[in-house]
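Below is one structure, written out as structure tokens; comments come after it.
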Amino acid sequence: MQKEQGFSLIDTLMVVALMGIIAGIAVPVTGGAFAGQKFRNDAQAVTNLVALAKMRASANVTRARVRANINDGTIALEVWNKTTSAWVVEDGPTPLSPGVTFSFGSVPTPPPNTQVSITFSPGCKVGVTAASATIGNTACVVFNSRGLPVDGGGATFGGHAIYLTDGVSVAAATVTATPRIRRWSTPVRASTPAWREQQ
């Protein structure tokens with residue numbers, strides 16, 4: 001009869017140590033991939049909400065806007081109710097993912113052919129006239145009843161943008177006067193951004 005042999009304690013400990021090393025390498029890589037995907041999802045969600053606001057404005061023959069609350073990191077779709085003369089929340093407010101904020105960080109220039117200088121859309125107004133009070137720490141992408149981008153007072157405005165960052169990349173949802181809604185991204189760079197339009 002042949003003697004049966006198993007694994008020694010040292011063999012078992014070496015396998016456990018090797019598994020620990022592999023897990024130690026895989027976890028940060030996987031965590032970074034998940035964080036990057038959450039950031040891309042947030043950027044896509046903002047762009048989709050802007051497109052939805054444009055459709056709501058035309059469908060309801062009123063104004064609609066995407067309201068980004070810069071400080072608390074939430075975004076909402078609001079429609080102007082002509083009967084009550086007030087903005088009504090239709091979707092949201094939805095928080096951004098952990099680690100994602102409304103900011104363009106150190107990126108010095110906007111995506112090409114979108115804005116003269118990099119800045120957020122104008123602050124949201126309480127009403128729909130230029131004289132209405134501006135709500136602090138907000139940025140609004142507003143559409144009129146024809147689906148054209150306007151400022152808070154109703155004047156045509158083609159330089160809308162909402163910026164997001166996770167510290168690694170910056171994303172932008174922009175609306176030009178045509179009105180064309182586009183999503184952009186660039187790595188965070190101190191000198192020259194490499195904006196690329198996302199599909």
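Taking the condition buried (at least 17 other Cβ atoms within 10 Å of the Cβ), modelled with pLDDT of 95 or more and in contact with a Ser or Thr (Cβ under 9 Å, 6 or more places away or on another chain), does Ala76 pass? Reasoning before the result, please.
Working: buried (at least 17 other Cβ atoms within 10 Å of the Cβ): yes; modelled with pLDDT of 95 or more: yes; in contact with a Ser or Thr (Cβ under 9 Å, 6 or more places away or on another chain): yes.
Considered against the rule, which asks whether it is buried (at least 17 other Cβ atoms within 10 Å of the Cβ), modelled with pLDDT of 95 or more and in contact with a Ser or Thr (Cβ under 9 Å, 6 or more places away or on another chain), Ala76 comes out as yes.
Hey, among the residues in segment 164-184 that are of a type in the set (S, T, N, Q) and farther than 21 Å from Arg67 by Cβ, which one's nearest to the chain's Cα centre (by Cα)?
Among them, the one singled out is Ser169.
Looking only at residues that are outside any loop (DSSP other than H, G, I, E, B) and of a type in the set (S, T, N, Q) in segment 92-114, which one is farthest from Arg65 (Cα to Cα)?
Selected residue: Thr101.
Tell me, which residue of segment 171-199 that is modelled with pLDDT of 90 or more and outside any strand (DSSP E or B) is surrounded by the fewest Cβ atoms within 10 Å (Cβ to Cβ)?
Within segment 171-199, the match that is surrounded by the fewest Cβ atoms within 10 Å (Cβ to Cβ) is Arg180.
Does segment 113-124 contain any residue that is touching a residue at least 60 places away in the same chain (Cβ under 8 Å) and either among the charged types (D, E, K, R) or closer than 25 Å to Asp42 by Cβ (or both)?
Narrowing segment 113-124 to residues touching a residue at least 60 places away in the same chain (Cβ under 8 Å): 113-114.
Of the ones still in play, those that are also either among the charged types (D, E, K, R) or closer than 25 Å to Asp42 by Cβ (or both) are 113-114.
Looking through segment 113-124, at least one residue is touching a residue at least 60 places away in the same chain (Cβ under 8 Å) and either among the charged types (D, E, K, R) or closer than 25 Å to Asp42 by Cβ (or both).
Based on what the data block shows, is Val142 in contact with a Lys or Arg (Cβ under 7 Å, 6 or more places away or on another chain), of a type in the set (A, V, I, L, M) and at pLDDT 90 or above?
Considered against the rule, which asks whether it is in contact with a Lys or Arg (Cβ under 7 Å, 6 or more places away or on another chain), of a type in the set (A, V, I, L, M) and at pLDDT 90 or above, Val142 comes out as yes.
Only one of Pro95, Pro108 is surrounded by fewer than 16 Cβ atoms within 10 Å (Cβ to Cβ), under 16 Å from the mean Cα position of the chain (by Cα) and of a type outside the set (Gly, Ala, Ser); which?
Pro95
For (1) within 24 Å of Met55 (Cβ to Cβ); (2) touching a strand residue (DSSP E or B) at 6+ places or on another chain (Cβ under 9 Å); (3) surrounded by 19 or more Cβ atoms within 10 Å (Cβ to Cβ), each residue gets a yes or a no:
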| position | (1), (2), (3) |
| --- | --- |
| Thr114 | yes, yes, yes |
| Ile118 | no, yes, no |
| Cys124 | yes, yes, yes |
| Gly127 | yes, yes, no |
| Thr134 | no, yes, no |
| Ala139 | yes, yes, yes |
| Val142 | yes, yes, yes |
| Val150 | yes, yes, yes |
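Tell me yes or no: at least one residue of segment 134-145 is in contact (Cβ under 8 Å) with a residue 60 or more places away in the chain, farther than 15 Å from Asn69 by Cα and assigned to a strand (DSSP E or B).
Yes, there is a match, as at least one residue in segment 134-145 is in contact (Cβ under 8 Å) with a residue 60 or more places away in the chain, farther than 15 Å from Asn69 by Cα and assigned to a strand (DSSP E or B).
The values are calculated or read from the model by the stated rules, or taken from the named source; none is laboratory data. Since this is a predicted model, take the numbers as computed values, not measurements. A quick note on method: Cβ atoms are made from the backbone with ideal geometry, for glycine too, and the neighbour counts reach across all protein chains shown.
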